[in-house]
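*Asks:* Please find one structure pasted underneath; my questions will follow.
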Amino acid sequence: MQKRCSCGDLMPMKLRTVIYSNKVEIDNVPIYSCPSCNSSEVFPEVKPDLTGLIGQLGAQPAKQTFLFNEWNEWAKLLVEAYHDHKHSDPAIVRRLTEERIDMLLDLLAVAQSSGDEDWMADIHKRLAQLSRSMLQYG
């Protein structure tokens with residue numbers, strides 16, 4: 001997956017580590033990186049979750065490391081595509097996304113039948129993360 005940089009070159013998407021406040025490492029953040037001008041841009045669909053995580057850390061966070069793919073479904077799928085398939089072919093990412101949505105819908109049915117409101121809210125959040133990406137790239 002890639003996009004065009006303002007310098008004209010293509011920016012491939014990579015999973016990178018974002019450092020916050022020189023103390024917190026957030027691994028596996030999908031970022032577009034330009035090989036020509038070295039500019040970088042956080043993948044738009046994950047930016048709200050990344051800024052939300054950073055907001056929770058506060059101005060003076062303790063030294064720690066997070067795996068962003070544990071916070072964001074889209075990052076989770078990209079990590080799976082990179083590790084299992086060694087690339088982020090859009091067709092593979094689309095298939096993985098569809099499979100994950102199906103699995104989350106099955107889990108939502110179980111959560112609803114058990115009446116677990118917190119679990120249902122978590123699943124709805126994860127489905128919303130994936131549907132943003134499916135609308136944009138599906």
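*Asks:* In degrees from 0 to 90, rounded to the nearest 10, what is the angle of the helix 47-57 Cα long axis to the longest principal axis of the chain?
*Replies:* Helix 47-57 sits at roughly 80 degrees to that axis.
*Asks:* Separate question: Just the number: Rg to Rh for the stretch 1-49, Cα atoms, Kirkwood Rh, two decimals.
*Replies:* 1.00
*Asks:* Report the net charge of residues surrounding residue 67, where surrounding means a beta-carbon distance below 10 angstrom and charges are Lys +1, Arg +1, Asp -1, Glu -1.
*Replies:* -2
*Asks:* Sum up the charges of everything whose Cβ sits under 11 Å from the Cβ of residue 42, counting Lys and Arg as +1 and Asp and Glu as -1, but leave residue 42 out.
*Replies:* Around residue 42, the surrounding residues sum to -1.
*Asks:* Just one of (i) 108; (ii) 122; (iii) 95 is volume of the Cα convex hull per residue in Å³ as worked out from the coordinates here. Which one is it?
*Replies:* Given (i) 108; (ii) 122; (iii) 95, the calculated one carries the label (ii).
*Asks:* Helix 90-114 sits at what angle to the longest principal axis of the chain, using alpha carbons and giving 0 to 90 degrees rounded to 10?
*Replies:* Long axis of 90-114 versus the principal axis of the chain: about 30 degrees.
*Asks:* A further question follows. Cα to Cα, under 17 Å, and not fewer than 8 places away if on the same chain: which lysines meet these conditions relative to residue 23?
*Replies:* 63
*Asks:* Just need the relative contact order of the stretch 2-137 here, percent rounded to a whole number, with Cα pairs under 8 Å and 6+ apart.
*Replies:* 18
*Asks:* Between residue 107 and residue 10, with labels modelled 7 Å along Cα→Cβ, what's the label distance in nm to one decimal, could you check?
*Replies:* It works out to 3.3 nm between the two label points.
*Asks:* Here's another thing I want to ask about it. Tally Lys and Arg at +1 and Asp and Glu at -1 over the other residues with C-beta under 12 Å from the C-beta of residue 123: what net charge comes out?
*Replies:* Here the count lands on -3.
*Asks:* For the stretch 5-27, list residues with backbone N below 17 Å from a point placed 7 Å from the Cα of residue 37 toward its Cβ?
*Replies:* Taking a point 7 Å out along Cα→Cβ of residue 37, the residues of the stretch 5-27 whose backbone N falls under 17 Å are 5-13.
*Asks:* Based solely on its DSSP helices, what 222 nm [θ] is calculated for the chain when runs of n ≥ 4 H residues each add -39,500 (n - 2.57) and the sum is averaged over all residues, nearest 500 deg cm²/dmol?
*Replies:* -17000 deg cm²/dmol
Read the figures in this text as sums done on the coordinates, not as results from a lab. As the structure is a prediction and not an experimental result, all values here were calculated from the model. Please note: Cβ atoms are built from the backbone with ideal geometry, for glycine as well, and neighbour counts cover all protein chains shown.
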